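Visitor: Handing you a structure now.
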Amino acid sequence: MVYHDPYTPERKYVECLDCGHRTTAPETPESCPECEGAVKNIAVPRE
Ligand SMILES: [Zn+2]
């Protein structure tokens with residue numbers, strides 16, 4: 001039996017290569033929301 005937790009959806013964690021802005025989103029954005037620079041996927045941060 002697979003348990004799916006609806007309160008912890010999978011999220012992408014991305015960082016802007018230009019300004020360093022970090023954000024999470026359900027889908028990887030094509031550009032930075034702050035400066036519209038290129039973004040890259042980075043590892044899920046540990047808390
Ligand atoms: Zn940026």
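Only the coordinates and a few stated rules stand behind these numbers; no lab work does. Nothing here was measured: the structure is a model prediction, and the numbers come from that model. Reconstructed Cβ throughout: ideal geometry from the backbone, glycine too, with neighbour counts over all protein chains shown.
Visitor: Amide H to amide H, which residues 5 or more places from Lys12 or on other chains are under 5 Å from it, using H placed in the peptide plane?
Guide: Ala25, Glu27
Visitor: Working out 0.36 nm times the residue gap between Ala25 and Ala38, then minus their Cα-Cα distance, what length gain in nm do you get to one decimal? If you can, show how the numbers build up before the last one.
Guide: Values: separation 13, 0.36 × 13 = 4.68 nm, distance 1.51 nm.
Here the answer is 3.2 nm.
Visitor: Within a Cβ distance under 15 Å of Cys19, other residues only, what is the Lys/Arg minus Asp/Glu net charge?
Guide: Numbers: positive: Arg22, Lys40; negative: Glu15, Asp18, Glu34, Glu36.
Taking every Cβ under 15 Å from that of Cys19, the sum is -2.
Visitor: Show the residues, 5+ positions off or on another chain, whose built amide H is closer than 5 Å to the amide H of Val39.
Guide: Leu17, Cys32
Visitor: Still on this model: Rank by packing, highest mean first: peptides 26-38, 10-22, with packing defined as the count of other Cβ atoms within 10 Å averaged across residues.
Guide: 10-22, 26-38
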